[in-house]
1. Note down the nm distance, to one decimal, between modelled labels 7 Å out along Cα→Cβ at residue 39 and at residue 53.
2. Gain in length, residue 66 to residue 90, computed as 0.36 nm per residue apart minus the alpha-carbon separation, to one decimal in nm?
Amino acid sequence: MKFHSILFVTLSLPILFSPVAGMAASAAEESCRVCHKMDSKLIGPAFNDVAARYGKDKDAIAKLKHSMLEGSSGKWGTMAMPPNAGLTEAEAERFAHWIMSLNKK
């Protein structure tokens, strides 16, 4: 239980991160940096790895959005991704598009 409390507090901390150039990230979007880095695995996969895995998937935006809003498990190993309760559908959509835009760089 102590781990869950620490994880909740950690995920609630804003970490400076703007997913779309020129747009401010929400605190919920910023919390993604607790588990994800741009180029290397932290707790979850790197953003670039997520973009690469879903690069040819026509349903990528919907799948990423669902994982952000509902959580997921078993896609990247044994660590489950909790749902991001503070993230709105619009923020999840915007963030999913940003992740997929990494394939174009």
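What follows is calculated from the coordinates using simple rules that are stated; it is not laboratory data. Since this is a predicted model, take the numbers as computed values, not measurements. Here the Cβ is made from the backbone with ideal geometry for all residues, glycine too, and neighbour counts use every protein chain on show.
1. 2.1 nm
2. Residue separation times 0.36 nm, minus the Cα-Cα distance, leaves 7.4 nm.
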